[in-house]
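Visitor: Pasting in a structure now, in C-alpha cells, and then I'll have a few things to ask.
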Amino acid sequence: MADLIKTIEDDEEVPDLSEPSDEEDDFQPRKKEKKKDKKGDDDDFQFITSTEDYNKDTWNDLSKYIKRKVKTKLDDKINKFRSTRSAQNGSANDPIQIKEEEDAGDDVGLFVSEEDLKKDAIKTKEKKVKKEKAKAEDQDLIDFEECTNYDTLATFYNMNLSRPLLKAVTSMNFVNPTPIQAATIPVALMGRDICGCAATGTGKTAAYMLPTLERLLYRPLDGAVTRVLVLVPTRELGVQVYQVTKQLSQFTSVEVGLSVGGLDVKVQESVLRKNPDIVIATPGRLIDHLANTPTFSLDTIEVLILDEADRMLDEYFAEQMKHIVRQCARTRQTILFSATMTEEVKDLAAVSLDKPVKVFVDSNQDVAFNLRQEFIRIRKEREGDREAILAALICRTFHDHTMVFVQTKKQAHRLHIVLGLLGVKVGELHGNLSQPQRLENLRKFKDEEIDVLLATDVAARGLDISGVKTVINFVMPATLQHYIHRVGRTARAGRGGVSVSLAGEQERSLVKEVIKQAKNPVKNRIIPPDIIEKYNKKLQSIEEDVENILEEERQDREIAKIENQANRAENMLKESDSKDQRSWFQTKKERQSEKEKLMLTEKQDKDPKSKNKKEKQPLNIVEEKAKKAKKKAPKLDPAEERAMKELNKVAAYQARMAKRSNKLKKIRTCVDDVETPYTHKQKANKRKASSFANDLTDTSRKGVKRMRYEANDKKKQKTFNKGKSFGGKSGGKSFGEKSGGKSFGGKSGGKSFGGKSGGKSFGGKSGGKHGGKAGGKPGLKKSFKKR
C-alpha cells in the first residue's frame, strides 16, 4: 500500500509548480515584489572540494587588467539629499510627499499608492497590408556561396570537435547548437571565409570561436605565435568575448590575450610580449600596441574575425581598420559576423574575402521572435513629458532587470540622479565613466545589486546580460539597425522580453518601419494623463536637488582637475627624460581633422578674430537679426529643451546617413549586358590593323586583288603627275582637246584616242572599248577610211 499514490482531497491545497508564461503577464502596474532569498532556493547546490574552487571568481582573471580602484560618490550624494528631503517631507514648503516603505532588511524603495496602480490602456497595432510589387533583390558585389543545407538536428558531438572543447561546451551547459552555430562551425573548420548574419542572442561568439579553437589545437608547438585576431567595437564586448573564450578554452593549452582601452597598458604589454594564440582587441588600443610594443606584430595572423562587422566598418573606425587590415597577411581566413549587415560589409567582402560563404540564418531586419514590442506615443506639444513617463514606467510597472537607452551621456547622468532621488536603485554605463566604473556597474546589474541600468549605445551591441526583462528607449534610435541591437539586449537565447519605446512625431517613420517588419503584433501603451501629471509634479519638486548635485559634481571635477595638473607637473620634474611619448599612426593634425569631420554638431569658434568679424558687420544685418529675435518663439520648458536636444542629435545622425547613402558607390565589377550581344555586322565595321608580313603572305582572292589595286594605283599616280605640264584649255591630265580628261582626242572623250564621246576607244562617236557606232573592230576601219 505504501507504493500507491495518494489521491487529492476536495479541500486540499495543491502547490502550483507551473512557471508563469509570458502570455499570461499583461505588464500592468503592480507593487514591487520582495526579492527571494537565493540561499534556500538553489536546487543545483554542490559541495566544493577545494579552497581553489571556493576562491574561484569569473571576474578574477580580468582583475589583473584593472589596477585603478572604482571611485563613485554620486550614490552617497543622492542618499544625503534623499534623507534631507524625507526630514522635510510634508512641510508647507514641500507639497509633494515622497513616501518610502521599508522592507525587511535594507531594501528601501519608492512607495506606490493605489492611484499609481491604475491600469494602462494597451492597444494592438494592426499592420496595414498593401499589395507590394516584387522588388528586385540587390545583386551582391561578388558571388557569395550560400550555406543553406545545414543540419538543423546536428549536435556538438557530430561536428568533428575535439574532446577538450566538447568537455568545455558541456561544462557551460550548452545542449544543442543554435542554427547559426550548426551552419557556421562545419564551414569555418574547412578554413573558408565567412560572412554570417543572425539575430541577436543566438550564440554568434561560440559559432566563430569553437572552430577557431579546434584549428588552434593542431598548431605547431615550436614557438609562441599570435595566429588569431578578434576585433570588437566596444570595451565591454571585448571583455565578454574574452571571458567566453577563456571558458571554451579552459581544458586546452590555448593562450588568450585582451587588449582593450581603459585597462592597464603595462599589463597588456606584458601579455602581448608572450605572443598569445588569440588576441581580442578594440581597434584603438591594438594600434597603440602595434606602434609602441616592439615584439608584437600582426604578420603571423592566420584568422581575422570582425564581431559586429557593420559597426567595425562604419566611418568612425574606417581609418583604424584600414591600418590594421593592411598589416595582416593576405592568405588569412576572414570571418565577419553581425546581426545587421550593411553596404560597408559587402564592400569589404568584395575586396578582401576569398570565395566567401554567406551564412544568413535570419534576415538582418528581424528582432527576436519572443520579444513583445510596445510604443508610447508622445504628442508634439508634450515632448517635455518624456522624463515623467520614464519615471512612471519604472516606478509602477518595470521595477527591475530594466535597461534604459538614451542618446547622450549628459542625459544618462541626469536620469541617474532623478531616478536615484525617486528611490530607484540605478546605475549608468557610458563613455564619460572610467573603465573600472563601467565594469563595476555592469557587474552590479548582473548580480542584481541595481535594478535599472541607464546606458548609451555603448551597451547596445553584443552584451549578453542574463535576466534582462525590459528595454526602454527614452528616444528612438536613428536607424532600424540601431533599434534591433538595442532591443536585442532582452529576449535572448529563447527567453521572453519586452521593449518599450517613447516615440514622438519626428520618430513616426521609424515606428512604421518596425511595425512593418514585426512578426508578432505590436502594442500601443497609453498611460493615464493624471499619472503623468503626478510624476511631472514629483520631478519638479526634486529639480532643485538635481541642480545642487550637478553643481557639487562640477566643483569636485574642477578640484580633481587642478590636483591632476599639479601631480603631472611634479612627475614631469621627477622623471623628465625617463618617460617616452607613445606614438600613433596618425599625426595630431590628421587625428584632429578626422574628429572634426565626424562631429555631428558644428564646432563653435573660440578665436578672438571671430568677435571682430561680428563687430564689422554692416548695419542692415544687425537690424535684420534684431527683427528675427523679436519674432522668435517663446522659450521652451527645460524638460522639453532637453528632449529636443536628444532628438536633434538623432536627426543630425540621420541627415549624415542620408547624405552618405546618396553618394555614388565605388564600382567593384562590371557586368556585360547579356540581352544585347555584339553582332557580326558590328565586328565587320572594325578593320584589323594592317601588317606588311600578313599582306605579303595573304594568298586569298581578296588579298591578291587588293595588292594589284594598290600597285596599279601607285603607277597611275606617277603617270598623272608627269601629265600635269601638257594639255589644252581645261584639260587636266590630258594631251588633247577642250575638255578631254585622260584622253588624246575628241571633245569629251575619257580614255580615248578619237570620237566625240568615246570611252576607252580609238574612234567613233560613242564607242566604249569599241570603235564607231556599233563598237568593236569595224569602228577602227571607218576611222582609218575617213583619214
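Visitor: Any residue that is touching a strand residue (DSSP E or B) at 6+ places or on another chain (Cβ under 6 Å), open to solvent by 20 Å² or more (accessible area, probe 1.4 Å) and more than 26 Å from E308 (Cβ to Cβ) - is there at least one of those in region 524-539?
Guide: yes
Visitor: What's the number of the only condition in (1) over 36 Å from the mean Cα position of the chain (by Cα); (2) open to solvent by 90 Å² or more (accessible area, probe 1.4 Å) that N571 fails to meet?
Guide: Every condition holds for N571 apart from (2).
Visitor: Okay, next question. Of the numbered conditions (1) more than 24 Å from the chain's Cα centre (by Cα); (2) over 19 Å from P29 (Cα atoms); (3) open to solvent by 20 Å² or more (accessible area, probe 1.4 Å), K346 satisfies every one except a single condition; which is it?
Guide: Of the numbered conditions (1) more than 24 Å from the chain's Cα centre (by Cα); (2) over 19 Å from P29 (Cα atoms); (3) open to solvent by 20 Å² or more (accessible area, probe 1.4 Å), the odd one out for K346 is (1).
Visitor: Here is a follow-up. Just for region 451-474: of the residues that are in a helix (DSSP H, G or I) and either open to solvent by 30 Å² or more (accessible area, probe 1.4 Å) or charged (D, E, K, R) (or both), which one is farthest from V406 (Cα to Cα)?
Guide: Applying the filter and picking the extreme gives V458.
Visitor: Now for a separate question. So if I check each of G257, G238, which one is under 22 Å from H430 (Cβ atoms) and either modelled with pLDDT under 95 or of a type outside the set (S, T, Y) (or both)?
Guide: G238
Visitor: Right, next: Just checking, does region 517-529 include any residue being in contact with a Lys or Arg (Cβ under 7 Å, 6 or more places away or on another chain), in a helix (DSSP H, G or I) and either assigned by the TED database to the domain that holds R386 or basic (K, R) (or both)?
Guide: No, the conditions are met nowhere in region 517-529.
Visitor: Still on this structure, please answer the following. Do you know which residues across region 377-386 are under 22 Å from L117 (Cα atoms) and crowded, with 22+ Cβ neighbours inside 10 Å?
Guide: D385, R386 - these are the residues of region 377-386 that are under 22 Å from L117 (Cα atoms) and crowded, with 22+ Cβ neighbours inside 10 Å.
Visitor: Conditions first: (1) of a type in the set (A, V, I, L, M, F, W, C); (2) farther than 30 Å from I526 by Cβ; (3) open to solvent by 10 Å² or more (accessible area, probe 1.4 Å). V424 passes all but one, so which condition is the exception?
Guide: Only one criterion in (1) of a type in the set (A, V, I, L, M, F, W, C); (2) farther than 30 Å from I526 by Cβ; (3) open to solvent by 10 Å² or more (accessible area, probe 1.4 Å) is unmet by V424, namely (2).
Visitor: Another question about this same structure. From (1) at pLDDT 90 or above; (2) part of a loop (DSSP other than H, G, I, E, B), pick out the condition that doesn't hold for I389.
Guide: The number of the failed condition is (2).
Visitor: Scan region 311-318 and tell me whether some residue there is in a helix (DSSP H, G or I), out of contact with any Gly (no Cβ under 7 Å at 6 or more places or on another chain) and closer than 30 Å to A643 by Cβ.
Guide: Yes, because at least one residue in region 311-318 is in a helix (DSSP H, G or I), out of contact with any Gly (no Cβ under 7 Å at 6 or more places or on another chain) and closer than 30 Å to A643 by Cβ.
Visitor: Considering (1) open to solvent by 50 Å² or more (accessible area, probe 1.4 Å); (2) in contact with a strand residue (DSSP E or B) (Cβ under 6 Å, 6 or more places away or on another chain); (3) basic (K, R), say which one R332 fails and leave the rest.
Guide: (1)
Visitor: Still on this structure, please answer the following. Looking at (1) modelled with pLDDT of 90 or more; (2) in contact with a His (Cβ under 9 Å, 6 or more places away or on another chain), which is the one condition that is false for R461?
Guide: Checking R461 against (1) modelled with pLDDT of 90 or more; (2) in contact with a His (Cβ under 9 Å, 6 or more places away or on another chain), the one that fails is (1).
Visitor: Residues that are aromatic (F, W, Y) and assigned to a helix (DSSP H, G or I): does region 443-450 have at least one?
Guide: Yes: region 443-450 contains one or more residues that are aromatic (F, W, Y) and assigned to a helix (DSSP H, G or I).
Visitor: Hey, does region 287-298 have a residue that's in a strand (DSSP E or B), open to solvent by less than 10 Å² (accessible area, probe 1.4 Å), within 22 Å of V225 (Cα to Cα) and not assigned by the TED database to the domain that holds E440?
Guide: No, every residue in region 287-298 fails to be in a strand (DSSP E or B), open to solvent by less than 10 Å² (accessible area, probe 1.4 Å), within 22 Å of V225 (Cα to Cα) and not assigned by the TED database to the domain that holds E440.
Visitor: Also, quick follow-up: Consider S501 carefully, then state whether it is of a type in the set (S, T, Y) and either in a strand (DSSP E or B) or buried (at least 17 other Cβ atoms within 10 Å of the Cβ) (or both).
Guide: yes
Visitor: I would also like to ask the following. Can you name the number of the only condition in (1) open to solvent by 20 Å² or more (accessible area, probe 1.4 Å); (2) touching a residue at least 60 places away in the same chain (Cβ under 8 Å); (3) among the charged types (D, E, K, R) that K274 fails?
Guide: Status for K274: all satisfied but (2).
Visitor: Separate question: Any residue that is among the polar types (S, T, N, Q), touching a residue at least 40 places away in the same chain (Cβ under 8 Å) and either buried (at least 17 other Cβ atoms within 10 Å of the Cβ) or not assigned by the TED database to the domain that holds A154 (or both) - is there at least one of those in region 253-261?
Guide: Scanning region 253-261, I find no residue that is among the polar types (S, T, N, Q), touching a residue at least 40 places away in the same chain (Cβ under 8 Å) and either buried (at least 17 other Cβ atoms within 10 Å of the Cβ) or not assigned by the TED database to the domain that holds A154 (or both), so the answer is no.
Visitor: Sticking with this structure for a sec: All but one of (1) open to solvent by 40 Å² or more (accessible area, probe 1.4 Å); (2) at negative phi hold for M403, so report the exception by its number.
Guide: Tallying (1) open to solvent by 40 Å² or more (accessible area, probe 1.4 Å); (2) at negative phi, M403 fails exactly one: (1).
Visitor: Can you name every residue in region 175-202 that is in a loop (DSSP other than H, G, I, E, B) and either out of contact with any helix residue (DSSP H, G or I) (no Cβ under 7 Å at 6 or more places or on another chain) or modelled with pLDDT of 90 or more (or both)?
Guide: V175, N176, P177, T178, M190, G191, R192, D193, A199, G201
Visitor: Taking the condition in contact (Cβ under 8 Å) with a residue 40 or more places away in the chain and in a loop (DSSP other than H, G, I, E, B), does A224 pass?
Guide: Answer is yes for this residue.
Visitor: As an exercise: evaluate K266 against (1) touching an Asp or Glu at 6+ places or on another chain (Cβ under 8 Å); (2) without any contact (Cβ under 8 Å) to a residue 24 or more places away in the chain and give the number of the one condition it does not meet.
Guide: For K266, the exception is condition (1).
Visitor: Do we find that V279 is in contact with a Gly (Cβ under 8 Å, 6 or more places away or on another chain) and outside any loop (DSSP other than H, G, I, E, B) in this structure?
Guide: Criteria met by V279.
The values are calculated or read from the model by the stated rules, or taken from the named source; none is laboratory data. Being a predicted model, the structure only gives us computed values, none of them experimental. Quick reminder, even Gly has a Cβ in these numbers, built from the backbone with ideal geometry, and neighbours come from all protein chains shown. Calculation scope for accessible area: heavy atoms of the full protein, side chains included, ligands and nucleic acids excluded. Shrake-Rupley method; radii C 1.70, N 1.55, O 1.52, S 1.80 Å.
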